[in-house]
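Undergrad: Provided herewith is a single structure, encoded as C-alpha cells, for subsequent inquiry.
Just so you know, all these numbers are worked out from the coordinates, no wet-lab data involved. Bear in mind that the values here come from a model prediction, so they are computed numbers and not experimental data. Reconstructed Cβ throughout: ideal geometry from the backbone, glycine too, with neighbour counts over all protein chains shown.
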Amino acid sequence: QVQLVESGGGLVQAGGSLRLSCAASGSIFSIDVMGWYRQAPGKLRELVAVINSDGSANSANSAKGRFTISRDIAKNTVYLQMNSLKPEDTAVYYCYCNARSIAPGGAMNYWGKGTLVTVSS
C-alpha cells in the first residue's frame, strides 16, 4: 500500500501564495504520476496539475501562469506552488499518485485525505 500525506493548506488573502507538499510512503516500488486535484464545495473534483516521472507536466487552464508543480523523486514528494491566489481557488486540495507497490499487482491510483485552501477576498 501507498500512503499520501498533504501539508501546507490554510487561509490566505487574495493575491497571496501558498505551497502545498505531499509525501508518499509505504511499500513503494515506483511512482509514475504525482499531482494535485481539488474539490470546491458543491463541485466535482477537478485536475489542478500532475507531473510525470520524466518531469513533464500537465495543468488545468485555471492553474497555468499561477501554479507550479514540481517533484522530488528521491523523496517521493510533490509540491504545488500557488501564487496570485483567487477566492475561486478555495477548495480541498487532494494529492494523487499512480504507483506500483512492492506487493504483486499492477499500478494503482492513490489519494491523500486532502488539505483545505481558503482564499479570502
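Undergrad: Going by Cα centres, the stretch 20-37 and the stretch 83-97 are how many Å apart?
TA: Computed from Cα coordinates, the inter-centre distance equals 18 Å.
Undergrad: Another question about this same structure. Determine the gain in length on full extension of the stretch ASP54-ALA74; use 0.36 nm per residue of separation and subtract their C-alpha separation, reporting nm with one decimal.
TA: 5.9 nm
Undergrad: Remind me, relative contact order of the chain in percent, using alpha carbon pairs under 8 angstrom and six or more residues apart?
TA: 37
Undergrad: Peptides 76-83, 113-120, 51-58: what's the order by average Cβ count within 10 Å, highest mean first?
TA: 76-83, 113-120, 51-58
Undergrad: Lone cysteines in the chain, going by a 4.7 Å Cβ-Cβ cut-off?
TA: CYS97
Undergrad: More than 21 angstrom separation, counting every C-alpha pair in the chain; what % is that?
TA: 34
Undergrad: Still on this structure: Give me the aspartates and glutamates in straight-line cross-link reach of LYS64: C-alpha distance below 15 Å, same-chain residues under 8 apart excluded.
TA: GLU46, GLU88, ASP89
Undergrad: What net charge do the residues around GLY114 carry, taking every other residue with its C-beta under 12 Å from that of GLY114, with Lys and Arg at +1 and Asp and Glu at -1?
TA: Once positives and negatives cancel, what remains is +2.
Undergrad: How would you order 63-73, 9-19 from highest to lowest mean count of nearby Cβ atoms within 10 Å?
TA: 63-73, 9-19
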